Amino acid sequence: MVNKICILGLGYIGLPTASIFATNGFDVVGVDTNPQVIETVNRGGIHIQEPGLQTLVQAAVKSGRLRAALEVESADVFIIAVPTPVTKDKRADLTFVRNAGHMIAPVLQRGNLVVLESTSPPGTCERILKPVLEESGQQAGKDFGLAYCPERVIPGRTMRELIQNDRVVGGIDRLSAEAASKLYKVFVEGKIQLTDCTTAEMVKLMENTYRDVNIALSNELAMLCEEMGISAWEVVELANLHPRVNIHLPGPGVGGHCIAVDPWFIVERFPSLANMINLGRTINDSMPLHVVKRLQTILDGISSPRVAVLGVSFKGNIDDARSTPALPVIWGLEQAGIGFTIYDPHVRDFEYELSTLQEALTGADCILLLTDHDEFKFLYPQELGKLMRRQIVFDTRNILGHELWRQCGFTVFRLGVGGLEKVNINQEKVIS
Ligand SMILES: NC(=O)c1ccc[n+]([C@@H]2O[C@H](COP(=O)([O-])OP(=O)(O)OC[C@H]3O[C@@H](n4cnc5c(N)ncnc54)[C@H](O)[C@@H]3O)[C@@H](O)[C@H]2O)c1
């Protein structure tokens, strides 16, 4: 019988999970190595933006069922939701998973269940976590259960998807998988599929790898269409009318801590076999440079150009700018000697200074739209144009009402669209 759950890592995954278990009647202790996170959660606050999370955490803490601590405590179940970043040389950094295992081992008791939720290379449960936990003197599958249950939520819809998504639960043995499945059934409305640990690890990685390779295909299409003078967006839209085709959309690169990271975990283990996966990653990682090169062409002839970068989070409507493709774009701007200001209505934490929209646009020659935040769809170009030195926009997400922007005097460029339009430096639109 499970009464107490200890969740290690109170980030985008751990904190929502902890508060859902707490509001479902479990005694939950959330452990994090960051004292600020502990302090914030214990007063019912949140340190990340996620719709619906604040209300749930507040309710969970107020009910006395959720508290945060720096130290791991004995419990019936341990859930690990710590980061699994990729190193500079594209290898999985499993330090946090190992550390979490070392923190659990001293308090691990017979009959406990340990669940790893962090996205991990195939074999992590068996080859990395199991030996660390067995330093307790107990044996996985005999004395304690061990399962892998990957998280498949999308930031911005985490609270809904935690409950509604189907889950894959892989056990070190059948009993571990069943125990983990029973635990998640408390709040999961989707189907729960049982398998072994390594299969579950690979399922999670392949979901994101499929999307990464698909986006790479689309990005390649974007570059081809720019050469051909046609629109990749139209090609994708029309091709996707076919019942068995689902081409993803191109963009300025793939970011975040999932799609841009997970494929490397497969490449790392099987470098000579994972050729397509490797190529997909390489194409997507080349997109920021492609955006900068295209921008250089757009701004050709303008002296001391300045660009207003709109959006730096790795995807729309979230505050998360970790591993965002906006960062290599900005490095490229710096290298190319293009001045820039940055505006993002969601992001609070970023390596570069953020401005208000008005500050960012004042005196700019060009808007470079990198993220598909909903707010950007409703920008009113006539007013914005008045602030700018030149009215040029480069939309890498194809979200603006381009006709309206043109009517308001803007020259519009889109990623994936071959340019019929060119800007001359006197701001006259030239149709070639
Ligand atoms: N964020 C997502 O949308 C998402 C989706 C699917 C899967 N994942 C995966 O889930 C895992 C967690 O991701 P996240 O976005 O929640 O990370 P995060 O960085 O938001 O949070 C992780 C937290 O773990 C803490 N931490 C690090 N080491 C610890 C330890 N030994 N003990 C306790 N706490 C520790 C950190 O201080 C941090 O607060 C990663 O493997 C990620 O790939 C994330």
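The values are calculated or read from the model by the stated rules, or taken from the named source; none is laboratory data. Computed from a predicted model, the values in this text were never measured in an experiment. Positions of Cβ are generated from backbone atoms using ideal geometry, with glycine treated the same way; all protein chains shown enter the neighbour counts. The accessibility values were calculated without ligands, DNA or RNA, using every heavy atom of the protein model including side chains. Shrake-Rupley method; radii C 1.70, N 1.55, O 1.52, S 1.80 Å.
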Length gained if Thr87 through Arg322 is fully extended, taking 0.36 nm per residue and subtracting the Cα-Cα distance, is 83.2 nm
For Val186 and Gln58, extending 7 Å from Cα along the Cα-Cβ vector and measuring point to point gives, in nm, a value of 2.4
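Would you tally the net charge around Asp32, using a Cβ to Cβ cut-off of less than 11 Å, leaving Asp32 out, and scoring K and R as +1, D and E as -1? Intermediate results must be reported in sequence, preceding the final value.
Working: positive: none; negative: Glu39, Glu71.
In short, -2.
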Arg127 and Ala336 label points (each 7 Å along its Cα→Cβ direction) are spaced in nm at 4.1
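Dipole magnitude of the chain about its Cα centre, charges +1 at Lys/Arg Cβ and -1 at Asp/Glu Cβ only, in debye to the nearest 20?
Values: 41 positive and 50 negative charges, 76 e Å.
Here the size comes out at about 360 debye.
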Heavy-atom accessible area of the chain with neighbours in place, 1.4 angstrom probe: carbon+sulfur share in percent works out to 53
The cysteines in the chain that find no other cysteine Cβ closer than 4.7 Å to their own Cβ are Cys6, Cys149, Cys225, Cys258, Cys366, Cys408
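Pick out, in residue order, every one of the GluC sites (Glu not before Pro) in segment 178-252 that is DSSP loop and has at most 13 other C-beta atoms within 10 Å; say none if there are none. Let's see the in-between values first.
On the way: sites: Glu178, Glu189, Glu201, Glu207, Glu220, Glu226, Glu227, Glu234, Glu237; in loops: Glu189.
For GluC sites (Glu not before Pro) across segment 178-252 that sit outside H, G, I, E and B with at most 13 neighbouring Cβ atoms in 10 Å, the list reads Glu189.
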Output for segment 372-422: trypsin sites (Lys or Arg not before Pro) sitting in coil per DSSP, at most 16 other Cβ within 10 Å, listed by number, reads Arg389
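Tally Lys and Arg at +1 and Asp and Glu at -1 over the other residues with C-beta under 11 Å from the C-beta of Pro345: what net charge comes out? Don't skip to the answer; put the middle values down first.
Working: positive: Arg348; negative: Asp319, Asp344, Asp374, Glu375.
It works out to a net charge of -3.
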Cα-Cα longer than 30 Å, checked against Lys204/Lys315; Lys185/Lys377; Lys130/Lys315; Lys88/Lys130; Lys88/Lys185; Lys62/Lys204, kept in input order, equals Lys185/Lys377; Lys130/Lys315; Lys88/Lys185; Lys62/Lys204
Expressed in angstrom and rounded, the centroid-to-centroid distance over alpha carbons for segment 366-391 and segment 23-57 is 36
As straight-line cross-link partners of Lys142, the qualifying aspartates and glutamates (C-alpha separation under 12 Å, not fewer than 8 residues apart within one chain) are Glu134, Asp173
Once Lys and Arg are counted +1 and Asp and Glu -1 for all other residues with Cβ under 11 Å from that of Gly280, the total becomes -1
Tilt, helix 174-184 to longest principal axis of the chain (alpha-carbon atoms), in degrees rounded to tens, equals 60
The answer for Ala68, listing residues at least 5 apart or on another chain whose modeled amide H is closer than 5 Å to its amide H, is Gly30, Asn42
Simple SL model, points at 7 angstrom along Cα→Cβ for Tyr352 and Leu279; separation in nm is 3.2
Excluding residues fewer than 8 positions from Lys182 in its own chain, the lysines with Cα under 16 Å of it are Lys4, Lys191
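How much length, in nm to one decimal, is gained on full extension between Phe378 and Asn42, taken as 0.36 nm per residue of separation minus their Cα-Cα distance? Walk me through the intermediate numbers first.
Working: separation 336, 0.36 × 336 = 120.96 nm, distance 3.78 nm.
Gain on extension, Phe378 to Asn42, equals 117.2 nm.
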